[in-house]
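Asker: One structure is given below, represented as structure tokens, and several questions about it will come after.
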Amino acid sequence: MGDGTGSGTGGYGAVGARYEGRGPDGSIPGAYPPGGLRPLYLGTYTSGPSAGTGIGLAAYDPDTGAISSAGTLTGVENPSYLALHPNGRTLYAVDEQEDGRVTAIATGGAGTGGPTVLGSRGTGGAAPTHLSVHPGGRWLLSANYTSGSVAVHPIEPSGALGRRTDLVTHAAPPPGPGRSGPHAHQVVTSPDRGHVLAVDLGNDTVYSYRLDTSAGTLTEVARTTTRPGAGPRHLTFHPSGTFAYLANELDNTVVVCAYDPGTGRLTPGEPRPTGTTGTARSFPAQFVVTDDGAFAYLANRGHNSLTRYAIESSGAALRLLDTVPVGGDWPRQLSLSPAGDLLFAANQRSNSVTVFRVDRATGELRPMGDPFASPVAACALPL
């Protein structure tokens, strides 16, 4: 696979990127909007039906949840998942295509000319669907879905990406029922920073690695298999750092996993229901957990709902409370606002983002206004 890079200035990046349009107040897209509005980045697909043209730039009102368009950053192919550097100055996007890549974007701000593409690097695999920044801010981790591998790239002081330092492929165990090979769907760092965990839907396994933070290499230290056919997709940690919640895409279940910081090993509990009923088959997508560790929310594609759980026993148990309509079709990704009082759902097939007010005391969700139109909405990242 190719592995190129480049730099750019102003509104144009190394891969021909540019931003289009201005914010609702006339401001430059990507700059922090005045009047209390907050930035919102939207991941999408640039190929296929209803395709977009790049990363959506928007703003949201923390009081009302209303979203306003602020243009588009073009030049990034299929930026279906986004992640922010801990310092807030650089955004990273997957390029979900056969020749997988990851792209770095300087977010910009008032007086800087808006977001700027810093360049991209090859992931060494196909169709990366997820990426995350190691909490130390020096390494970018990405998961190649089609080829079942995890890549590591160094992050330079500018936020740009260096040449890939490692690529590990999930060659074992054998793939699950009806699947032809491994499919890495997510890679995250544990809250204690001791381990990197990669969730593989293709072979029903979560891999635990140690990251050498000097060399940027991964060493496998533990492996957890789910029941055959579960199809684990996304893992989300409880703030305590000793439990995590696994969404199983293929058997429509969730599992509470105990996490051992010493070994990196997960111990899964019994599969639990998602609260989805009816004739439509449901495919759980992603959990989010409130910062106080009191509630968890699950996106259900097909059933097109959000499940609300109360978290009990210091994170060891999920109690299903209810499900509510998501207000869109195929909720692929969820995120909470930094304040924790708004929940955003990216609805891929209805080309929309829906927003809910979170009751911090009860966890109840209340829809906020009309859905916001966004082509093939795959990811919503509020700042």
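Asker: Which value, in debye to the nearest 20, describes the size of the charge dipole of region 56-125 about its Cα centre when Lys and Arg Cβ atoms bear +1, Asp and Glu Cβ atoms bear -1, and nothing else is charged?
Answerer: Using only the charged Cβ atoms, the result is roughly 280 debye.
Asker: If packing is taken as the mean number of other Cβ atoms within 10 Å per residue, what is the order of 168-181, 314-327, 129-142, highest first?
Answerer: Descending mean neighbour count gives 129-142, 314-327, 168-181.
Asker: Please give the length that would be gained between GLU156 and ALA215 if that part of the chain were fully extended, namely 0.36 nm times their separation in residues minus their C-alpha to C-alpha distance (nm, one decimal).
Answerer: Length difference between fully extended and current span is 19.9 nm.
Asker: Oh, and also: Considering the options PHE356, LEU84, PRO173, tell which one lies farthest towards the positive end of the dipole of the chain, charges being +1 on Lys and Arg and -1 on Asp and Glu at the Cβ, about the Cα centre.
Answerer: In the chain, that residue is PRO173.
Asker: SER352's amide H: which non-local residues (gap 5+, or another chain) put their own amide H closer than 5 Å, with H modeled 1.01 Å from N in plane and none for Pro or chain starts?
Answerer: So SER352 has HN proximity to ASN347, SER374, ALA377.
Asker: Which FRET efficiency, nearest 0.05, do ALA172 and ASP370 yield, Cβ-Cβ r, R0 56 Å?
Answerer: 0.70
Asker: Let me ask something else. Please compute the length gained on full extension between ASP63 and SER240, using 0.36 nm multiplied by the number of residues separating them and subtracting their Cα-Cα distance.
Answerer: Gain on stretching ASP63 to SER240: 60.8 nm.
Asker: Hey, rough spin-label estimate for ARG138 and SER313, points 7 angstrom out along Cα→Cβ, what's it come to in nanometres?
Answerer: Result: 3.9 nm between the two label points.
Asker: Could you sort ARG121, ARG163, ARG227 by accessible area so the largest value comes first, with the probe set to 1.4 Å?
Answerer: My answer, sorted largest first, is ARG163, ARG227, ARG121.
Asker: Let me ask something else. HN-Hα J couplings of region 305-321 from phi, Karplus 6.51/-1.76/1.60, θ = phi - 60°, integer Hz, Gly and Pro as x?
Answerer: My calculation for region 305-321 gives 9, 10, 9, 10, 10, 8, 9, 10, 6, 6, x, 7, 9, 10, 10, 5, 9 Hz in order.
Asker: Explain nothing, just compute: Karplus ³J(HN,Hα) = 6.51 cos²θ - 1.76 cosθ + 1.60, θ = phi - 60°, for every residue of region 52-69 in order, whole Hz, x for Gly and Pro.
Answerer: x, 10, x, 7, x, 10, 8, 9, 10, 8, x, 7, 10, x, 5, 10, 10, 6
Asker: Now for a different question. So between ASP329 and SER180, what do we pick up on full extension, going 0.36 nm a residue minus the alpha carbon distance?
Answerer: Roughly 50.9 nm would be gained on extension.
Asker: Can you tell me how region 40-99 classifies by the Cα gyration tensor, rounded, prolate or oblate, using a/c under 1.5 as the rounded cut?
Answerer: Since a/c reaches 1.5 but b/c is at least a/b, the shape of region 40-99 is classed as oblate.
Asker: Under a point-charge model restricted to the Cβ atoms of Lys and Arg (+1) and Asp and Glu (-1), what is the dipole moment magnitude of the chain relative to its Cα centre, in debye to the nearest 20?
Answerer: Result for the chain is approximately 200 debye, rounded to the nearest 20.
Asker: Determine the relative contact order of the chain: mean sequence separation of Cα pairs under 8 Å and six or more apart, normalised by residue count, in whole percent.
Answerer: This gives 11 percent for the chain.
The values are calculated or read from the model by the stated rules, or taken from the named source; none is laboratory data. Small disclaimer: the values here were computed from a predicted structure and weren't measured. Cβ atoms come from the backbone with ideal geometry, glycine included; neighbour counts cover every protein chain shown. Remember, those area values only see protein heavy atoms, side chains included, never the ligands or the DNA or RNA. Shrake-Rupley method; radii C 1.70, N 1.55, O 1.52, S 1.80 Å.
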